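Below is one structure, written out as structure tokens; comments come after it.
The values are calculated or read from the model by the stated rules, or taken from the named source; none is laboratory data. Everything numeric in this text was worked out from a predicted model, so none of it was measured. Note that each Cβ is placed from the backbone with ideal geometry, even for glycine, and that neighbours are counted across all protein chains shown.
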Amino acid sequence: MDARRFRVETVAGLTLLAVLIALGIGPLVTPSVSEQNELSTDRVIDHVEAISEEPHPMGSEAIVPVRAYLTEQITALGLDPESQEITTPDYFGAPGATVDVINIMTRIPGDNPSKAVLIIGHYDSVPTTPGANDNAVAVGVMLEVAEVLVEGPPIANDVILLFTDGEEPAPRYGSRAFVSDHPWMGDVGFVVNLEAAGLSGPSTVAETSGADRWVIDGYAEGAPSPVAYSFVTEIIGLIGEVGTDFDSFKDLDLPGIHFAYMRGSPAYHTADDSVDNIGIDSAAHHGSNVLGILEAFSETDLSDQHEEEAGVYFAVGRSSLIRYPAAWSLPLSLVGLVLFGIAIVTGMRRRVCSFVPVLKSGLRTLGGLFISLVAATAVWWGITGLRSSPGVVESYAYLVLLLLLTGAVWHRVATRDHAGPAGRMGGVVLVWVVLSVATGVWLPGTNYLFVWSALTASIVLLIPLVGLLDGLWWRLLALAVVAAPVIVLMVPAVDVFFQMAMPRPGNPGSEIVFIVGGAAFLGYLAIALIAATWTTGRSSASAESSP
């Protein structure tokens, strides 16, 4: 292959990958205020400024005017504020002391209610932060949602707005009290919880409860910019309680959704979570999600029982949420396994590859994967030790560094692999197929990250094995078929793992720095498969053009 042809192919391949990366980044870009529903972000900001002038933990004097402000705003809307008061240990104060924790709530009646939609946001903060994003934004959004409902046409089901106190301590005093003692609890048929663990980012489904597919289908149909990933909800479900008011309702298996945004989470529970750093687009997205839920479920008979069926779902682009039953995961994975087997048998018949070199190549890929995971985790531990509060742009520079590191490990592994281009690609695809089958059995909600790439890669693997690679456009098509599901599905997943791995100096107990290994794991797999596909095509083309 001459130098000019090499440059043309390189530019074409990189351009294709850049376009796919842009598509993959789509769901990570917070929808702008102009893309959202009819909430007034100006009024939301006014509420946030009034609530988060200073830290206001439960039982403090600073929380008293916040509570009075909520009562005043609810009354101004023509609604009746209710309160629920309990006495709890003074979590942030002197041992043995007690404080009053007071929930504030109101109810907007529907014109033909079955059960009520409950919207929750806590109005207390920890002592170290004004809590502008965590959780004054949620409170402001709820007040604005109340205004939209009061001024708009009536809906069928009641809506209860619950502003909880005492959420920040682990016992979740306010929500536990509502669940156990308040008479309105028996009327609740659907729960929406609003949270933030950062300064910006899309309002994303962090958890679901109850009938997963029914909940997500309603959300997808009502929200204009839905963002949800079943691998996130499945992993969090395995972890158990994540420490929000939603836990109190999830424990009862009530249908519901927990929304959160978390970009810039090093500011979580610090003085940087102030009115100067409000995620305005994120606030609008919170509001858009709530109104979308109300639109989807306002006319629904919430007293009906729905099948507890798990779903697979993931956001693509700015407004699409792909959904299908989790029961499809294993059959799809087995189809991928069969296609891979056909590809290998075809290669063996044509004497292009054999199973043992492919197996060895797969083991080398696993070895490189382990090295990449350990190296990236060690580097990230070092970075977070030096930079405990990186900014958003700075943190993404570190992510690029980690991905370059995983790419370097793959290159080192690939140059020592003597299975040949087709055998090397077969080894990488083998790893993807095994992961696809394994997740299809044990983690069906996570399976989509692997199964679609395993399917397309197994099909494309046949191309060099049967001698069909001929010309730049055919090789670009092969690259696109493999890289599209890899990049579109993996980019958001890598970002989620990386955001979860952010240091949180304001709340060290909530940081999971080692989970950066998940980002490295997925990044290595993506780079390995894309690189193997492209180099296999080039090698085949070079062989065909040789005299």
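The single condition from (1) within 27 Å of Val159 (Cβ to Cβ); (2) of a type in the set (Asp, Glu); (3) in contact with a strand residue (DSSP E or B) (Cβ under 8 Å, 6 or more places away or on another chain) that Asp90 fails is (1). Since Arg475 meets every condition but one in (1) buried (at least 23 other Cβ atoms within 10 Å of the Cβ); (2) at pLDDT 90 or above; (3) farther than 18 Å from Ile21 by Cα, which condition does it not meet? Of everything listed in (1) buried (at least 23 other Cβ atoms within 10 Å of the Cβ); (2) at pLDDT 90 or above; (3) farther than 18 Å from Ile21 by Cα, Arg475 misses just condition (2).
Within the stretch 103-129, restricting attention to residues that are out of contact with any His (no Cβ under 7 Å at 6 or more places or on another chain) and small (Gly, Ala, Ser), the residue that is surrounded by the most Cβ atoms within 10 Å (Cβ to Cβ) is Gly121. Looking only at residues in the stretch 192-201 that are over 25 Å from Gly59 (Cα atoms) and in contact with a Ser or Thr (Cβ under 7 Å, 6 or more places away or on another chain), the one that is surrounded by the fewest Cβ atoms within 10 Å (Cβ to Cβ) is Ser200.
Taken over the stretch 25-45, the criterion of being closer than 20 Å to Glu147 by Cα, part of a loop (DSSP other than H, G, I, E, B) and within 22 Å of the chain's Cα centre (by Cα) is satisfied by Gln36, Asn37. In the stretch 299-315, the residues that are touching a residue at least 12 places away in the same chain (Cβ under 8 Å) reach residues that are basic (Lys, Arg) and in a loop (DSSP other than H, G, I, E, B) with C-beta atoms within less than 8 angstrom, at least six apart or across chains, in these pairs: Leu302/Lys115; Ser303/Lys115.
Per this entry, Arg364 is counted among residues that are in contact (Cβ under 8 Å) with a residue 40 or more places away in the chain and basic (Lys, Arg). All of (1) under 17 Å from Arg43 (Cβ atoms); (2) out of contact with any Gly (no Cβ under 6 Å at 6 or more places or on another chain) hold for Gly110 with one exception: (1). Screening Val179 with (1) farther than 29 Å from Phe314 by Cβ; (2) part of a loop (DSSP other than H, G, I, E, B); (3) touching a helix residue (DSSP H, G or I) at 6+ places or on another chain (Cβ under 6 Å) gives one miss only, at (2).
Quick check on the stretch 88-137: of everything there that is of a type in the set (D, E, K, R) and closer than 20 Å to Asn507 by Cβ, which residue is modelled with the lowest pLDDT? Taking the candidates together, the pick is Asp90. Scanning the stretch 365-389 for residues that are crowded, with 20+ Cβ neighbours inside 10 Å and farther than 22 Å from Val494 by Cα yields a count of 0. Give the stretch 130-165 a look and list any residue that's surrounded by fewer than 24 Cβ atoms within 10 Å (Cβ to Cβ) and among the small types (Gly, Ala, Ser), or say none. Scanning the stretch 130-165 gives Ala146, Gly152, Ala156.
State which residue is surrounded by the fewest Cβ atoms within 10 Å (Cβ to Cβ) when the search covers only the stretch 174-185 and only residues that are within 14 Å of Ser83 (Cβ to Cβ) and not aliphatic (A, V, I, L, M). My answer is Pro183. Residues that are under 22 Å from Thr270 (Cα atoms), of a type in the set (A, V, I, L, M, F, W, C) and touching a Phe, Trp or Tyr at 6+ places or on another chain (Cβ under 9 Å) do not occur anywhere in the stretch 145-162. Cβ separations smaller than 6 Å between residues 6+ apart or across chains give the following pairs from the stretch 402-417 residues that are assigned to a loop (DSSP other than H, G, I, E, B) to residues that are of a type outside the set (Gly, Ala, Ser): Asp417/Arg364; Asp417/Arg424.
Out of (1) over 18 Å from Ala296 (Cβ atoms); (2) surrounded by 24 or more Cβ atoms within 10 Å (Cβ to Cβ); (3) modelled with pLDDT of 95 or more; (4) not hydroxyl-bearing (Ser, Thr, Tyr), what's the single condition that is false for Glu168? Single failed check for Glu168: (3). Restricting attention to the stretch 93-109, the residues being in contact with a strand residue (DSSP E or B) (Cβ under 7 Å, 6 or more places away or on another chain) and within 17 Å of Gly186 (Cβ to Cβ) number 3. Restricting the search to the stretch 396-426, which residues are buried (at least 22 other Cβ atoms within 10 Å of the Cβ) and of a type in the set (Ser, Thr, Tyr)? Thr406 - this is the single residue of the stretch 396-426 that is buried (at least 22 other Cβ atoms within 10 Å of the Cβ) and of a type in the set (Ser, Thr, Tyr).
Residue-level analysis places Gly59 among those that are surrounded by 17 or more Cβ atoms within 10 Å (Cβ to Cβ), in a loop (DSSP other than H, G, I, E, B) and on the phi > 0 side of the Ramachandran plot.
Tallying residues that are buried (at least 20 other Cβ atoms within 10 Å of the Cβ) and in a helix (DSSP H, G or I) within the stretch 340-363 yields 7. In the stretch 331-360, the residues that are free of Cβ contacts under 8 Å to residues at least 12 places away in the same chain form Cβ pairs under 7 Å with partners that are of a type in the set (Val, Ile, Thr) and in a helix (DSSP H, G or I), at six or more places apart or across chains, as follows: Phe355/Ile344.
Just one of Gly440, Gly423 is assigned to a helix (DSSP H, G or I) and in contact with a Pro (Cβ under 6 Å, 6 or more places away or on another chain); which is it? Within the list Gly440, Gly423, the selection yields Gly423.
Quick check on Gly509: is it in a helix (DSSP H, G or I), of a type in the set (Gly, Ala, Ser) and over 23 Å from Leu238 (Cα atoms)? Show your work before the answer.
Numbers: in a helix (DSSP H, G or I): yes; of a type in the set (Gly, Ala, Ser): yes; over 23 Å from Leu238 (Cα atoms): no.
Taking the combined requirement at face value, the residue does not satisfy it.
Of the set (1) in contact with a Lys or Arg (Cβ under 8 Å, 6 or more places away or on another chain); (2) assigned to a loop (DSSP other than H, G, I, E, B), all apply to Gly189 but (2).
More than 24 Å from Ala12 (Cα to Cα), of a type outside the set (D, E, K, R), at pLDDT 95 or above and surrounded by fewer than 24 Cβ atoms within 10 Å (Cβ to Cβ): does that describe Leu449? Explain how you work it out, then say what you get.
Numbers: more than 24 Å from Ala12 (Cα to Cα): yes; of a type outside the set (D, E, K, R): yes; at pLDDT 95 or above: yes; surrounded by fewer than 24 Cβ atoms within 10 Å (Cβ to Cβ): no.
Here the answer is no, as Leu449 does not meet what is asked.
Where strands (runs of 3 or more DSSP E) fall entirely within the stretch 250-334, those with at least 1 residues that are in the same structural domain as Glu53 (by TED's automatic domain parsing) and closer than 18 Å to Val191 by Cβ are at 256-261. Looking at Phe249, Phe314 in this structure, which one is within 20 Å of the chain's Cα centre (by Cα), hydrophobic (A, V, I, L, M, F, W, C) and at pLDDT 95 or above? From the options Phe249, Phe314, the qualifying one is Phe314.
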